[in-house]
Structure formats: C-alpha cells, structure tokens
Amino acid sequence: MKILQQYTSTIDYLLLTHQHSDHIGSLDEIMDAFSPELYCYDGHPRMTSKLTNHQRLLIGDEWYETLHTPGHSEDHVVFLGPSTIFTGDIAVYNDSAFENGSFGRTDLPGGSRDNLISSLELILSLLSPTTNKMYSGHGNAFHGDVYTVIELALQRAKERKPKYGP
C-alpha cells in the first residue's frame, strides 16, 4: 500500500482480469484506502460494476474492448486497445516456463486448456497490427511484435505439455 501511495493519492477504478488470489490479495486494502470503483466480469463482494464481453472502456487516452477469455480461469478477461493489450494471465511474454511467449496455467480450478487455446485464437483474430505493447499479470512488459508473442504462446499451449514440471 505504501508503494501505491508514493505514486498517487487517488485511484478512480480497478479492473480485474480475473480473481485468483495472486491478483486480488491486496484488493481489500486498496479498496479501503482509495475507495475506487471495482469492475469485474464475475461477481465479487466489493464489485461496483460488472464487465461484459465486448464492453468498451476508456483507459487513459485509449478505448479498449473487454474480451471474455476463459481458460486460465472461468472469469478471465483481457483489455484490447489499438496499441496496447492487458492480458492478465492468459498470455505472458516470459515466465519461469517459457520465454518470448507463454500462457497461463490451466491446472487450477476453472482452468481449461481447450478454452485457453480458443481464447488465444480469439485474441489473435482481433489483435490490431498497431498493437505493440503487452502488459500481463506475470513476467515482463513487452513492447514490440505482440502478435508473434501471443502466436508462440498459442503454439506452446497447443503442444499440450504441462506448463511446469515434467
């Protein structure tokens, strides 16, 4: 919390890509300190606004489309804009499993490799050629050819190997 307060005194709203504990662990503390609006795809006790598939949102100076992208979790969404995509955990640039294109775990409750593959295919079908920034829930931010990164994540997901371990 102290780190957030070093950078800002207000947070207007929070957008959840999904509700796994590693993404909402400090949610109550942030809600109590800043009283933002909370946007979620699925219900949450502190939700103030429900996200819907294909809903358009203004984030900063860009309009984003909310896409329901199950696979890592049932409630997963991404926010796709003309130059930037916030992928949550459905696709990441790098993690301890893969470099230059990885995907979210599907072995947790609500996960499905088939749904994840379909979601990655959906993202690729809608991704603009001008999308050159990707921010995910894990690993590094990526600036460059986002299409190729997500395409490699899709290829790896289709290989059906476990993401971690033998």
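Before moving on, here are some points about what is shown:
- Choice from GLY25, GLY139, GLY110 showing the highest fluctuation, given a GNM over the chain with Cα pairs closer than 10 Å: GLY25
- Length-normalised contact order of the chain in % [C-alpha pairs under 8 Å, at least 6 apart]: 18
- Listed residues PHE79, PHE103, PHE142, most fluctuating in the chain (Gaussian network, C-alpha, under 10 Å): PHE142
- For the chain, the longest principal axis of the Cα atoms and the long axis of helix 146-158 meet at an angle of about 60 degrees.
- Counting DSSP beta bridges with both ends in the chain, the antiparallel % (nearest 5): 60
- Cleavage-rule hits (trypsin sites (Lys or Arg not before Pro)) in segment 72-166: DSSP loop, at most 11 neighbouring Cβ within 10 angstrom: ARG160
- Largest GNM mean-square fluctuation among SER119, SER73, SER35, using the chain with Cα springs under 10 Å: SER35.
Since every read-out is calculated from the coordinates, none of them should be taken as a lab result. In this text the structure is predicted, and so the values were computed from the model without any measurement. No Cβ is skipped: glycine too gets one built from the backbone with ideal geometry, and neighbour counts run over all protein chains shown.
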